[in-house]
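Data block below; observations after.
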Amino acid sequence: MSAGLAGLAFFTSHSFWTWAAPILIFIAGSVLAKFAFNRLASPLEKQRDLEDRVRDPPA
């Protein structure tokens, strides 16, 4: 309950950083996830991921 209220208070504030921080965190997480996948995945896994994206593109 308190986490929900904290989230509501966080997003209803009209401060620039209140809106910029979650967006920046999302972008940083996406970049780090892509970097980690490209670094750790085997060539076969990368090929399968690419084939899956071609068959069923993300919306």
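Descriptive notes on the structure:
Residue-by-condition table, conditions (1) modelled with pLDDT of 95 or more; (2) of a type in the set (D, E, K, R):
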position	(1), (2)
ALA6	no, no
PHE11	no, no
HIS14	no, no
ILE23	no, no
ALA41	yes, no
GLN47	yes, no
LEU50	no, no
ARG55	no, yes
ALA59	no, no
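- Any hit, the stretch 2-14, residues being surrounded by 10 or more Cβ atoms within 10 Å (Cβ to Cβ) and not in a helix (DSSP H, G or I): yes
The values are calculated or read from the model by the stated rules, or taken from the named source; none is laboratory data. In this text the structure is predicted, and so the values were computed from the model without any measurement. Cβ: placed from backbone, ideal geometry, glycine included. Neighbour counts: every protein chain shown.
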